[in-house]
Amino acid sequence: MRASEVRELLKLIEQEDIIPFGGGMPDPTLFPKDELARIVEEVVRDERALQYSPTEGIRPLRETVAKLLRSKGIEVTYEDVLITTGSQQALDLISKVYLDPGDVVVSESPTYLSAIGAFRSYEADIAGIEMDKGGMDMDGLRSYLDKEWKRCKFIYTIPTYQNPSGITMSYERRRELLEIAREYGKPIVEDDPYGELTYEGEVMKPIRSLPNSDFVTYLGTASKILAPGLRVAWMVGPKDLLRKCSLAKQATDLCTPALTQTITKEFIDRGYLAGHLEKLRSIYRVKRDAILEAMKNYFPPGVTWTHPNGGMFIWVTLPHGMDTSKMLPKALEKKIAYVSGGAFHPDGSGENTMRINFSFPTLEEIDEGIKRLGELIEEVGG
Ligand SMILES: Cc1ncc(COP(=O)(O)O)c(C=O)c1O
């Protein structure tokens with residue numbers, strides 16, 4: 001296990017004068033505090049919400065989640081839903097069930113830092129497959145599986161508004177991924193915390209909603225659409241895997257807090273989610289547009305970046321030979337924070353890349369921070 005650069009950075013965000021492009025946090029001013037306060041006031045008087053819950057989760061929330069998933073084309077009932085303490089726990093449980101030391105998880109490269117952490121904590125290796133504008137490179141995936149078919153236990157993907165790249169996998173690739181996984185007999189784990197946060201273009205359907213996708217494990221969470229402090233998330237997947245994950249969860253934390261499960265259920269059942277998502281989308285869209293505009297205005301020639309249609313992140317690539325990790329102390333002197341790209345690459349490459357978050361900083365911070373970052377890149381690269 002290694003200290004995560006992001007966790008270290010989150011500590012810095014507490015230093016108020018740092019402009020925080022580093023974390024992956026929602027805009028705290030958008031938490032639906034009034035609605036949640038009303039719900040909490042009632043729910044906390046319900047004895048069931050203060051009790052242990054079944055390990056699988058309280059049935060009313062599992063039913064609510066199943067309904068939500070059906071509205072996205074994922075045909076499930078409450079029995080197919082396991083509630084987890086954040087999707088991070090689902091990643092841990094899946095690793096516990098699937099992985100032995102020396103096994104391999106195939107993922108996009110770059111990929112979610114704490115997924116790398118979860119897989120590595122079970123002594124698995126991660127094989128990163130390169131991406132382009134359409135997501136994971138399918139030829140790369142095929143040739144890896146041809147070589148290492150036996151060691152690979154599952155394929156991990158964040159197909160929509162990926163963390164960290166902001167890239168979305170095209171439908172063509174989603175179908176191809178399903179085909180390849182079926183052909184090689186490998187399960188897919190689809191992690192989808194950002195799918196609801198679309199600011200432009202088509203709303204993408206999850207891989208798990210496409211035909212013949214029953215073998216895909218799908219992870220959703222309340223963290224980015226409601227509040228990460230609730231630690232409520234959900235997982236659907238093959239029955240045998242769910243049963244084993246549920247057994248593993250029992251040994252881990254017995255159950256996700258009934259209190260936050262009930263709060264989440266009430267928030268959705270009272271019909272607050274749709275309006276809240278509209279608000280998130282409209283404000284995050286403005287922030288995304290502002291950061292893209294600032295990058296266009298302040299970044300020197302030779303720097304490139306992604307144009308995400310949703311989510312919370314932009315992936316920036318500096319000219320070859322630059323090192324964002326070495327540049328970070330200077331960035332902190334200028335009171336700006338980002339995460340350098342090497343952390344997201346299973347093989348540690350990508351030293352000239354960085355992840356920039358745009359959901360957490362304010363509009364003023366976005367403009368000023370990107371200006372300072374542009375100056376820094378110019379100074380260091382010049
Ligand atoms: C891709 C991805 N998966 C999982 C998580 C963890 O989410 P949760 O708060 O539900 O544990 C995150 C959080 O940033 C994420 O970006």
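The values are calculated or read from the model by the stated rules, or taken from the named source; none is laboratory data. This one's a predicted model, so the numbers in the text were calculated from it and none came from an experiment. For neighbour counting, all protein chains shown are included, and Cβ atoms are generated from backbone atoms with ideal geometry for every residue, glycine included.
Here are some notes:
- Filter result for Lys326 (more than 25 Å from the chain's Cα centre (by Cα) and in contact (Cβ under 8 Å) with a residue 40 or more places away in the chain): no
- Residue check, Leu210 surrounded by fewer than 21 Cβ atoms within 10 Å (Cβ to Cβ) and either more than 9 Å from the ligand (Cβ to nearest atom) or within 13 Å of Lys72 (Cα to Cα) (or both): yes
- Residue list for the range 239-262, filter: among the hydrophobic types (A, V, I, L, M, F, W, C), within 23 Å of the chain's Cα centre (by Cα) and outside any helix (DSSP H, G or I): Cys255
- Breaking point among (1) assigned to a loop (DSSP other than H, G, I, E, B); (2) near the ligand (Cβ under 9 Å from one of its atoms), for Gly201: (2)
- Of all the residues in the range 213-229, those that are closer than 19 Å to Tyr78 by Cβ, out of contact with any strand residue (DSSP E or B) (no Cβ under 6 Å at 6 or more places or on another chain) and more than 9 Å from the ligand (Cβ to nearest atom) number 1.
- Pair list, Cβ < 6 Å and 6+ apart or interchain, from the range 186-205 residues that are under 26 Å from Phe119 (Cβ atoms) to residues that are more than 16 Å from the ligand (Cβ to nearest atom) and part of a strand (DSSP E or B): Lys186/Cys152
- Flag if Met295 is among the aliphatic types (A, V, I, L, M), within 21 Å of Ser107 (Cα to Cα) and either out of contact with any Asp or Glu (no Cβ under 6 Å at 6 or more places or on another chain) or crowded, with 17+ Cβ neighbours inside 10 Å (or both): no
- Test: Leu68 is closer than 13 Å to Gln261 by Cβ and under 27 Å from the mean Cα position of the chain (by Cα): no
- Test: residue in the range 106-124 that is within 16 Å of the ligand (Cβ to nearest atom), more than 19 Å from Arg231 (Cα to Cα) and in a loop (DSSP other than H, G, I, E, B): yes
- Against the list (1) exposed (fewer than 15 other Cβ atoms within 10 Å of the Cβ); (2) at pLDDT 95 or above, the condition Lys326 fails is (2).
- Of everything in the range 75-105 that is surrounded by fewer than 24 Cβ atoms within 10 Å (Cβ to Cβ) and among the β-branched types (Val, Ile, Thr), the residue that is farthest from the ligand (Cβ to nearest atom) is Thr77.
- Tallying residues that are within 17 Å of Val216 (Cβ to Cβ), outside any loop (DSSP other than H, G, I, E, B) and within 16 Å of the ligand (Cβ to nearest atom) within the range 130-163 yields 6.
- Restricting the range 179-190 to residues that are in contact with a strand residue (DSSP E or B) (Cβ under 6 Å, 6 or more places away or on another chain) and more than 14 Å from the ligand (Cβ to nearest atom), the residue that is nearest to Gln162 (Cα to Cα): Ile188
- Test: residue in the range 319-341 that is in a helix (DSSP H, G or I) and among the aromatic types (Phe, Trp, Tyr): no
- Residues that are in contact (Cβ under 8 Å) with a residue 24 or more places away in the chain and either basic (Lys, Arg) or closer than 30 Å to Arg281 by Cβ (or both) were ranked within the range 238-252; the one that is nearest to the ligand (Cβ to nearest atom) is Lys249.
- Considering (1) more than 10 Å from the ligand (Cβ to nearest atom); (2) within 21 Å of Gly311 (Cβ to Cβ); (3) assigned to a loop (DSSP other than H, G, I, E, B), the lone condition that Pro193 does not fulfil carries the number (1).
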